[in-house]
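Encoded as structure tokens, the structure appears first; notes follow it.
The values are calculated or read from the model by the stated rules, or taken from the named source; none is laboratory data. Owing to the predicted nature of the structure, the values given are computational and were not obtained by experimental measurement. A quick note on method: Cβ atoms are made from the backbone with ideal geometry, for glycine too, and the neighbour counts reach across all protein chains shown.
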Amino acid sequence: MEFERTPSTSPYPTKFVAIRLDPDGTLDPTFGRSGIVEVDLTPNPDFALSVAIQTDGKLVLAGGADSAALNDRLGVIRLNPNGSLDTTFGFGGKLVSTVAHAASDVALQSDGKILEVSGGPGLTVTWITASGTLDKTFGGTGTVETDFPGTFLGQATSVAVGADGKIDVGGFVCCRPTNYDFALARYNPDGSLDTTFGTGGTVETDFLGGADEANDMALQSDGRILLEGSAETKTLNDLALARYTSSGALDPTFGNRGRVLTKFIQSSPSGGAGSDQEGDAVAIQSDGKILEGGTVYGYTVLPDDFALARHESSGVLDTSFGWNGKEKVNGDTTTLPQKSHTTAIAVCLPTSIGTARSRSRSSSLIRWTNASCSLPPM
């Protein structure tokens, strides 16, 4: 199976990459070349940050393209179920947009349209038709940008489409007066802000007065919304969750007035203890329990670790999971220190799955059993 490749003069990785595994963790030989697909969009560095799977099995990958001198553009490709480029999409299966931001996340509407989110200076949403062109019926250009009053910088990091077709976009904004806050916006299917949600369609949340950044989102079946990321506590960051009602208010039945902080401890070589953490992923199990994943940063001779915590629906840690509701593990123990960063969680009962990127830029996958968080064979 042949894949188009554009010559590159960059010394850095320049391709969108998709990998598919069989249930036992081995590469699926029916996908791409021995389970791996690599696609260049431009001669400059290109990188995929998110993926969505259509009902027909096609894969939509979104990220940044033409990344020269940090000037990213929106890049999207669509693959057939066997990993070949879908030539009915964009130009030969690819779209490099004039939108001057890399896509942080991607979601699909029921009508086949593709939603991409990015940032700068506000939360930015881009609509793409099923055929791979910008849908200019939205905002005249295909892109809608939402600024939060009193802030001058925004980054959309996650997007989800509800059963009613409304679009929730999560991220963070700065600065009120100097720190970052969780940010949430809701749009109607036509791209207008839903003014019945929050304050004129937007919600901003602070934890403890420090820098708070939301990096992922999940929608509950009852319409409540979870944002997950990091919150600054004194000099370090903890994993942070916020839950909102369907009207955009912080949910008073969740944690401390709608907010939950989770701390992992990493012992230092000198005998002290402490850690800095980054939250990057959230998922909801069918029983309503909440999984949040992230990274526990180590010290110069210790690894960065995958971090996974499970909460009851009320926000308290589920002590039947791992060690009192939390577990961390390094994705590569061949050489220390390694850097294992959780970037996504998928729930496939009875297991939960986290992905990571190691310092060597390779991809790793770890699977935990649902009940005890022990590592099953793959």
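The sole residue among Phe182, Phe148 that is surrounded by 16 or more Cβ atoms within 10 Å (Cβ to Cβ), in the same structural domain as Thr126 (by TED's automatic domain parsing) and modelled with pLDDT of 90 or more is Phe182.
Test Val76 against the stated conditions and say whether it is closer than 25 Å to Thr124 by Cβ, assigned by TED's automatic domain parsing to the domain that holds Thr14 and outside any loop (DSSP other than H, G, I, E, B). When the stated conditions are applied, Val76 passes them. Residue by residue through the stretch 216-247, note down the ones that are in a strand (DSSP E or B), farther than 13 Å from Arg259 by Cα and at pLDDT 95 or above. Scanning the stretch 216-247 gives Asp216, Met217, Ala218, Leu219. Considering the conditions (1) surrounded by 14 or more Cβ atoms within 10 Å (Cβ to Cβ); (2) free of Cβ contacts under 8 Å to residues at least 60 places away in the same chain; (3) outside the structural domain of Glu278 (by TED's automatic domain parsing); (4) under 26 Å from Leu21 (Cα atoms), Asp56 is excluded by exactly one of them, (1). Residue selection: Asp305 fails the criterion of being modelled with pLDDT of 95 or more, among the acidic types (Asp, Glu) and crowded, with 16+ Cβ neighbours inside 10 Å.
Scanning the stretch 192-213 for residues that are on the phi > 0 side of the Ramachandran plot and surrounded by 18 or more Cβ atoms within 10 Å (Cβ to Cβ) yields a count of 2. Number of residues in the stretch 29-57 that are in contact with a strand residue (DSSP E or B) (Cβ under 6 Å, 6 or more places away or on another chain), among the charged types (D, E, K, R) and closer than 30 Å to Asp111 by Cβ: the value is 1. So, of the residues in the stretch 133-192 that are part of a strand (DSSP E or B) and among the small types (Gly, Ala, Ser), which turns out to be nearest to Leu219 (Cα to Cα)? Only one residue fits best here, namely Ala160.
One line per residue, one yes/no per condition, for (1) out of contact with any His (no Cβ under 9 Å at 6 or more places or on another chain); (2) surrounded by 18 or more Cβ atoms within 10 Å (Cβ to Cβ):
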site	(1), (2)
Phe91	yes, no
His101	yes, yes
Val106	yes, yes
Gly112	yes, no
Leu115	yes, yes
Ser118	no, yes
Pro121	yes, no
Thr124	no, yes
Ile128	yes, yes
